[in-house]
């Protein structure tokens, strides 16, 4: 059942999406009916009773019509009551998380999403979930309010810094769906995008093992560092070719002289790199804003070493 | 619109002194009552706050009616004052609908995650 | 100014667009009451913050409340109530054309207001000395419960804003006192004093609610 | 057609001198000064709007960076709302027309009226200052904790809002007392024009809602300056509480914007179909009903903000009650057209386009009121399109209708009818072209306040930008012919439209004291069945 979505709505990919669409289109057609009624009536009256000629004549004394007024008060109220009840029932289904859901911890922070799986796997901006299984999202923010919004699943929930909020969905089809931030959160609010990759259960399990596996030995540090450079979103702020984005470029960084905002100087060595990863606000290079979030809980010991190795390997 | 004698209402002296005395007595009462613990009424944190509020409301009504001449004045002024209190109640009441009922479905949505959000820890 | 109102004498205090003094006084009083409505809702925001934070952490409010001195609060309440009484008597005297007595009562009201502010000054300096201040300036360690500074944020916001209104009230009373001494207010025209009286009674009424909420918890 | 000089004495020419204008207590002059200030704010806000639309032509950078874009859309929102649309109809047209409609010499407190204008200018200076002191980038909603930690000039903009709030309170207070106390003899409540009922309801809203935004802004400033931590999550505060404080004012504020617009539409529809209003009491009481129910529904702005589900249900339920009075009004206006004698002067074109646009705006509000659908539509371009349809399609179109309707009364000269119709068409077409595609973008999932956006919306954004240019052209031409008519327009008599409300019984422009003798009210405001007045 290919699901292209309609003119007004994106593809309905979650089990509840079609219910939201059903209510949307019910309101849409009721509104269309009343809108056409109002515009047609007004147009007809305006053309039928337009002023002909210059002379001014009296108009009839129609001051009110009790029946008509009761009608157009009661009918809208009844329709609105129906919409309210339908909307509230849908809302409860959207927000009450089913018992057997797979729980993923979502953390929103300034300008990327990080997902922690029960098995200890962490991925940034890229949530891999099995198809046909309810997924519960336990969400919190590290700094300002963000909002977890997946149009295809029709779910949206603000992510608050001081409280957990929850959302859930069950994807119907395998595929890749956009994840956006819907609450204004600063400079890169519009590029705080992510992907929800819905895969078959086997692929999901294979991905999980491979992800858990990569935590352990096997890959040489430099290659692991290069993989982390992309998967941990370093590329959004630090380039490899010398261009300045939100942060200094990694190209030829190692061994060069760094001048900080407070004017002090220091050569870039392993300790400085390690400290800048785990505690970025400690020493901020002059000309840059202290907006880098801490990776304290996001990187394992081995991953920090891998990143340092990778940065060291980027000769000028 | 003839220049009739403006019938400004002059409140008799004993009314002012009586109301003043009543207010002072009520202040003493409310301080004394605060020391007595009325125990906990179901649903409300403690009965003390209700008693304290009742006494304060009596004092406020006395001030409004006699000192602010609401009892002698045009009814529109009374209506304005009551509307103010009504909508103050609406403001607090509806906000409480949210803050008190946050844990309706899930306990974890109630209290703060941890006293300090991460961003401030390393500053 | 050709006004068609029948009576000849056009008192100086009557503004051109009102037809008679009665209408002007009622308009002024209604305007004042609407202004008092905005004051009630301005303080309402703080009362709402108080109620919400107390409902979240009642125990913290009870612990923090022990730091406030009830005698000083009660003294302030009595001082403000008597200042309300003297204010009401001042209006009564001006209605009976006893300007001298009215001026005396106004001075008494100013005195009581000053006493109120002095007591507030002692309370604040004591808290500043101990470090019981809102937000980041909170350094006091005697209260257990997380974020005890929330109580003092609410306390300083409410009593601070109320103190500002007392100060503003004293300015207004001073202005009315000057007009009474200048014989501009008399039994025919005392609207300014009446409106300042209304404002002063509202300031007193807000303190009547503040006192039990902040000082007499649990 | 007689081309004589303007009737002397009129409030425009006498007394003379700049000082007489700056220290005037004449409600008509204060109204004109407000009108000038408001149109300046509208142009400023409009420029920001055009910048946004140009930037959104393509997902990548067109002319400004992300920070600049965030500041531009914030300033567009803040200036348009606090400096233009809230004071526009009550302060400008209300000051000019309300006392005339009541047969009064002036508002109840003329000095307070002038003081509220100066407070408005003082607040506007704060807003303009914060524009140049590295602007504000929090959106006009100032949500904490972002607004309490961003480096931009949030403090001066918050103080601007705080000060502008007082200007709004004093205007509302002034009008409520004026309507209660200064009605001409014989002018009972049910003989009042519906514009007066609408201004009365708006006054109630201004007076009761604005203090709460005042205390909210004070708390926000203290949060940034003294770090009191009431809204700061790190110190035990709750950002959702800020949203409650903010929206308790901001939802009644959207009714402060639309109610006066509805009042103008009642005047226009009756005057130009020359027919008694259908359901006078229904429209009058629905204004008051909107005023009171609007205080109960603010939570529908926060359905997905982490609010409790119980509160979400209560707010959604109450939101549907606030929709009913608006629907009643639209049906009553439509019924007024029945068996009228309808002329298509420019104000009537604006009234008819109001019916069309406000119907769309109101009906799309129902989408956002239904809980399940709002979860998908919240904070998307669907919401942007909804509130532009109601605010611009509703209030601004009604304001333009009101400006054209009372233009001869205020200046004594008539604008060019041909250009008026051209601009009305341009505004109508440009508006729809700009905002209709945004409904579709929004429901497809395009979030609000996005500097770059997914590729699939590019065509619709381009279409919308072209619409904004048509709108811009429409407003430009309108400015030209209106300014031209102030000096060279055809001079008109007392009642160019043949309407029956009191303001048309005095000269245009009116004398400094409005009426030679206090008018005796004998007939209702819309008794077109009893009285025929020849337009002069």
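Nothing in this text is a laboratory measurement; each read-out follows from the coordinates by a stated rule. Bear in mind that the values here come from a model prediction, so they are computed numbers and not experimental data. When we count neighbours, we look across all protein chains shown, and the Cβ atoms used for this are built from the backbone with ideal geometry, even at glycine.
Structure above, values below:
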| quantity | calculated |
| --- | --- |
| Estimated distance in nm for a label pair at residue C:128 and residue C:167, the labels positioned 7 Å out from Cα along Cα-to-Cβ | 1.2 |
| Residues residue A:74 and residue C:186, FRET efficiency given R0 of 56 Å [Cβ-Cβ distance, rounded to 0.05] | 0.40 |
| Fluctuation leader among C:91, C:34, C:150 - chain C, Gaussian network, Cα springs under 10 angstrom | C:34 |
| Within the range A:282-316, backbone nitrogen closer than 13 Å to the virtual label 7 Å beyond the Cα of residue A:266 toward Cβ | A:282-286 |
| Per-residue [θ]222 nm for chain A (sum of -39500 (n - 2.57) over DSSP H runs n ≥ 4, rounded to 500) | -11500 deg cm²/dmol |
| Gaussian network model of chain A, springs between alpha carbon atoms under 10 Å - residue of A:50, A:89, A:302 with greatest fluctuation | A:50 |
| Space enclosed by the convex hull of the alpha-carbon atoms of the range D:65-117, per residue, Å³ | 68 |
| Contour minus Cα-Cα distance for residue D:5 and residue D:225 (0.36 nm per residue) | 73.4 nm |
| Label zone at residue D:425 (point 7 Å along Cα-to-Cβ), backbone N below 19 Å, the range D:478-507 | D:478-482 |
| Among A:42, A:14, A:114, residue whose mean-square fluctuation peaks in a GNM of chain A (springs only between Cα atoms under 10 Å) | A:42 |
| Cα-based equivalent ellipsoid of the range D:18-505: semi-axis lengths in Å, sorted from largest, via gyration tensor | 34, 25, 23 |
| Tensor-based shape of the range A:255-301 (alpha-carbon gyration tensor, a/c under 1.5 rounded, otherwise prolate or oblate) | oblate |
| Fraction of the pair-distance distribution of chain A above 30 Å, Cα-Cα pairs, percent | 52 |
| Sequence of D:380, A:66 once ranked by neighbouring C-beta atoms within 10 Å, starting from the fewest | A:66, D:380 |
| Förster radius 35 Å - calculated FRET efficiency between residue D:490 and residue C:23, Cβ distance, rounded to 0.05 | 0.30 |
| Computed label-point distance, nm, for sites residue A:36 and residue D:462 using a 7 Å Cα→Cβ extension | 3.2 |
| Angle in degrees between helix A:221-231 and the longest Cα principal axis of chain A, rounded to the nearest 10 | 10 |
| Debye log10 I(q)/I(0) for the range C:16-92, one point scatterer per Cα, at q = 0.26 Å⁻¹ | -1.12 |
| Estimated 222 nm signal from helices in chain D, with DSSP H stretches of n ≥ 4 weighted -39500 (n - 2.57), rounded to 500 | -21500 deg cm²/dmol |
| Antiparallel DSSP beta bridges within the protein assembly as shown, as percent of all bridges there, nearest 5 | 75 |
| Spin-label model distance (nm) - residue D:536 vs residue A:305, 7 Å beyond Cα toward Cβ | 9.8 |
| Which of A:309, A:209 has the fewest Cβ neighbours within 10 Å, and the rest in rising order | A:209, A:309 |
| Crossing angle, helix A:66-95 versus chain A [Cα axis fit, 0-90 degrees, rounded to tens] | 20 |
| With Cα atoms, 0 to 90° folded angle of helix A:17-48 axis to chain A main axis | 40 |
| The protein assembly as shown shape via C-alpha gyration tensor axes, a/c threshold 1.5 | oblate |
| Theoretical FRET efficiency, 1/(1+(r/R0)^6), r = Cβ-Cβ of residue A:176 and residue A:8, R0 25 Å, to 0.05 | 0.70 |
